[in-house]
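Shown next, in structure tokens, is the structure this report addresses.
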Amino acid sequence: MITVYADRGAEKCRLLVSGHAEEGAERDIVCAGVSALTGAMVLWAAKGGSCRRVRYQLEAGKVFLSCLGATESFDMMLAGLEAIAHRYPDHLCIRRS
């Protein structure tokens, strides 16, 4: 199971993604979708975008991002993740605070 912890305030965005999709035919679809959305968000934030005070970590099975700004981009990424979680609830769980 992939678990996404997302926290979005007025200015601050934080994201922690951990785990892997379970075995099965849908696993590759879920992993690829989550990796594409979260990886693109982290790389965009790290390259400037509209983010300030960016901290991030990308590694197998784990993604971390903390930044100020970029709330609309963060919301777009979360919308994509929520669409995947809706379609594949056995493989992706999103927790918001």
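The values are calculated or read from the model by the stated rules, or taken from the named source; none is laboratory data. Keep in mind it's a predicted model, so treat the numbers as computed, not measured. So basically every Cβ, Gly included, is an ideal-geometry build from the backbone, and we count neighbours across all protein chains shown. Calculation scope for accessible area: heavy atoms of the full protein, side chains included, ligands and nucleic acids excluded. Shrake-Rupley method; radii C 1.70, N 1.55, O 1.52, S 1.80 Å.
Brief remarks on what is shown
- Scanning region 55-72 for residues that are in contact with a helix residue (DSSP H, G or I) (Cβ under 9 Å, 6 or more places away or on another chain), farther than 21 Å from T3 by Cβ and surrounded by fewer than 19 Cβ atoms within 10 Å (Cβ to Cβ) yields a count of 1.
- From D90, D75, residue being of a type in the set (D, E), open to solvent by 90 Å² or more (accessible area, probe 1.4 Å) and out of contact with any Pro (no Cβ under 8 Å at 6 or more places or on another chain): D90
- Of all residues in region 4-18 being of a type in the set (G, A, S) and open to solvent by less than 90 Å² (accessible area, probe 1.4 Å), the one that is farthest from Q57 (Cα to Cα): G9
- Residue count for region 9-28, restricted to those that are modelled with pLDDT of 90 or more and not small (G, A, S): 6.
- Hey, R87 among the charged types (D, E, K, R) and either closer than 16 Å to M41 by Cα or more than 13 Å from the chain's Cα centre (by Cα) (or both) or not: yes
- Selection within region 19-54 - part of a helix (DSSP H, G or I) and open to solvent by 50 Å² or more (accessible area, probe 1.4 Å): R27, D28, I29, A32, S35, A36, L37, A40, L43, W44
- Against the list (1) touching a residue at least 60 places away in the same chain (Cβ under 8 Å); (2) more than 10 Å from the chain's Cα centre (by Cα), the condition T3 fails is (2).
- Only one of the numbered conditions (1) part of a loop (DSSP other than H, G, I, E, B); (2) in contact with a strand residue (DSSP E or B) (Cβ under 6 Å, 6 or more places away or on another chain); (3) not polar (S, T, N, Q) is not met by D90, and that is (2).
- Of all residues making up region 51-84, the number that are without any contact (Cβ under 8 Å) to a residue 40 or more places away in the chain, within 24 Å of D28 (Cα to Cα) and hydrophobic (A, V, I, L, M, F, W, C): 5
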